[in-house]
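Please treat every number below as a calculation from the coordinates, not as lab data. Keep in mind that what you see is a predicted model, and the values were worked out from it rather than measured. All Cβ positions, glycine included, derive from the backbone under ideal geometry; neighbour counts span all protein chains shown.
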Amino acid sequence: MDASILQFFEKIRCVPLDWVFGIFSFLGEGLTVGVIVLLLFWLLPRKTGEQLLVTAVSSAAVNAFLKDAISRPRPYVNGVVARRDIDTPLFSTRDLGDTLSCPSGHAQATSSALAAGAMIGKKIWGWVLFAALILLVCCSRMYFGVHYPTDVLLGTALGVLIAVIWHLVYRYAYNIRYFLIMGLAVLLLLTVPFYPEHDHVQMTALLAGAAFFLPMCSFLKYREPDKLWKRFLHIPLGILAAGVMFGIAYFFPEGLGFTLLKWFLLFGAGTFGATALFKLCRV
């Protein structure tokens, strides 16, 4: 079944479809999803934004760990189909990691964020948007020959499962949410010595940042603005906080410990640092 579906997509490849599926592949990138979720964290009410952020970060960390643990070769490595060789500023099929096929990070990132948003919004159109976008993102990964159908199915299922779990936590166990985040972060940090690959280290550091800095945001006792225009002022302030830390982290030496520290502090700058600026500027 995997081979037949992939070979169908291989037969319909053409330049226009490269761009169509390339756009949806870009939308499913972990970085794209992460930036959108961080913007929502700055703009939305605190509880909603935090739930979306925790869902996205924990899903990404679990995905990175599973990719390394499973180590499934990609379809083009096994000769099932040829990889569609694309390298543009928006999307690329190069340098993906030949044994990081399962589960699909694009499918899991997209499904976790969209499912969380659909459950929070409680609107039918939210679920329609979820179904349409996740289908197109999954098809894009098969079109380029970088994932098996079972990879994207597992990624989608895991993304939805993680979104459901955090939705239940934020609805019925809100007071212990930070303990749960901390527990998951500790478990994944313990796996870093066994799987020191860059993506796993990076995502685990972001999750550790969530466990440490999100409770600190609560201690700030920041009063959210009631006017919409003030919320939009959060964007430049948030970019300033994250940008300053990114500039500092650029000069960090190479190495496992410094990689962990870099992404840990970047998460802190985008959350605690940004919230502190919001409070200082009274917006």
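Could you tell me the center-to-center distance, by alpha carbons, between the stretch 158-174 and the stretch 222-243 in angstrom?
Cα centres, the stretch 158-174 to the stretch 222-243: 26 Å.
Round to the nearest 10 and give me the degree value, 0 to 90, for the angle of helix 198-219's Cα axis relative to the longest principal axis of the chain.
For 198-219 against the chain, the angle is about 20 degrees.
With each label point set 7 Å from Cα along the Cα-Cβ vector, what nm distance links residue 164 and residue 69?
1.9 nm
Quick one: Karplus J couplings for the stretch 255-272, per residue in order, coefficients 6.51, -1.76, 1.60, θ = phi - 60°, nearest Hz, x for Gly and Pro?
Running phi through 6.51 cos²θ - 1.76 cosθ + 1.60 with θ = phi - 60° gives x, 4, x, 6, 5, 4, 5, 4, 6, 4, 6, 5, 5, x, 5, x, 10, 5 Hz.
Hey, got the Cα dimensions of the stretch 189-283 along the principal axes, in Å, largest first?
Cα extents, longest axis first: 48, 25, 17 Å.
With +1 on each Lys and Arg Cβ and -1 on each Asp and Glu Cβ, and nothing else charged, work out how big the dipole of the chain is about its Cα centre, in Debye to the nearest 20.
1180 debye
Over the Cα atoms of the stretch 1-172, Rg to Rh with Kirkwood Rh, two decimal places?
Reported Rg/Rh, Kirkwood definition of Rh: 0.98.
Express the relative contact order of the chain as a whole percentage, based on alpha carbon pairs under 8 Å and six or more residues apart in sequence.
Contact order relative to length: 21 percent.
Tell me the mean residue ellipticity at 222 nm calculated for the chain from its helices only (DSSP H runs of n ≥ 4, each -39500 (n - 2.57), averaged over every residue, nearest 500).
That comes out to -23500 deg cm²/dmol.
Determine the gain in length on full extension of the stretch residue 186-residue 77; use 0.36 nm per residue of separation and subtract their C-alpha separation, reporting nm with one decimal.
35.9 nm
For residue 250 paired with residue 88, estimate the spin-label separation in nm (one decimal), with each label point 7 Å from Cα along the Cα-to-Cβ line.
2.7 nm
Decide, for the stretch 77-149, between rounded, prolate and oblate: order the square roots of the alpha carbon gyration tensor eigenvalues as a ≥ b ≥ c, take rounded if a/c falls under 1.5, and otherwise choose prolate if a/b is larger than b/c, else oblate.
prolate
As I understand it, the value is the acute angle between the Cα axis of helix 2-11 and the longest principal axis of the Cα atoms of the chain; what does it come to in degrees, rounded to 10?
Between the helix axis and the principal axis of the chain, the angle is about 80 degrees.
Going by alpha carbons, how many degrees (0 to 90, nearest 10) lie between the helix axis of 177-191 and the longest principal axis of the chain?
50 degrees
Listed highest first by mean packing, meaning other Cβ atoms within 10 Å per residue, what order do 127-140, 206-219, 109-122 come in?
109-122, 206-219, 127-140
Less than 11 Å from a label point 7 Å out along the Cα-to-Cβ axis of residue 222: which backbone N atoms in the stretch 250-283 qualify, by residue?
Flagged as within label range: 269-283.
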